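Step one of this worksheet: look at the structure below.
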């Protein structure tokens, strides 16, 4: 597994979402490394981490993360996960509660559904048949609000960065991550999370709608608080990084 460290102090592990590597957290690790030891990782099948040889689950990816913490000599850490990364973070907190000091679930979900599964498998089919650039043009409107498209050059720069990544994800790897994403199911298990938890979501998130997921999760997790960022969607890490950084820093400190 590849990871990148910055800063010093209490360790915070950042877990990226579907198809994303550690660079997804760039705005956050730059800001929070002033206070914390920030560790941003590449999940299996993406970035500079090894590709898998077969299917796997979000719990398997959580076990990867615990193994990385073991290798780094970290008995417990704050865990911050976004989208699929938040599902992985849930599995760590449920199955290895002693390893989690505080938990941050960003643009999260606790179960798949037929609508989400259909959407993601169609995204994968588009990526396979039409290529990465067309795939991004289809996916971005689901992730960013119309406001992002009104910012001169913003979407163009996001697209350029994604297309020029030196670690372009393989199609088979992307499809394995999609399968792990849509099969995640923590229903009835969130109450086992012992760590203080922040559930952070954009109020215009149409991929993981707050009413469908975040609010329900905040009710089920025993020591959870819900924070809703206005006027932003699923890609709040990039569209509203200052608001995300402020919420994370206030909670973790």
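Odds and ends about this structure:
- Fewest neighbouring Cβ atoms within 10 Å first, the residues 204, 164 line up as 164, 204.
- Cα-based shape type of the range 1-114, given that a ≥ b ≥ c are square roots of the gyration tensor eigenvalues and the cut on a/c is 1.5: rounded
- Of all DSSP beta bridges confined to the chain, the antiparallel ones make up roughly 20%.
- Note on the chain: with a GNM built from Cα contacts shorter than 10 Å, the maximum mean-square fluctuation among 112, 67, 54 falls on 54.
- Put simply, when 36-45, 5-14 are sorted by average Cβ atoms within 10 angstrom per residue, most first, you get 36-45, 5-14.
- Averaged over residues, the count of other Cβ atoms within 10 Å places the peptides 179-192, 147-160 in the sequence 179-192, 147-160, highest first.
- Point-to-point label distance, residue 161-residue 203, nm (Cα→Cβ direction, 7 Å offset): 2.5
- Full-extension gain in nm, residue 228 to residue 5, via 0.36 nm per residue minus C-alpha separation: 77.5 nm
- Potential extension, residue 128-residue 50 segment - 0.36 nm per residue separation minus Cα distance: 26.0 nm
- Separation between Cα centres of the range 56-108 and the range 211-253, rounded to whole Å: 17
- The gain in end-to-end length when the residue 172 to residue 253 segment is fully stretched comes to 25.2 nm, 0.36 nm per residue minus the alpha carbon separation.
- Shape of the range 106-253, Cα gyration tensor, a/c cut at 1.5: oblate
FYI, it's all coordinate maths here, none of it is from the lab. All values reported here derive from a predicted model rather than from experimental measurement. Here Cβ is always computed from backbone atoms with ideal geometry, including for glycine, and neighbour counts include all displayed protein chains.
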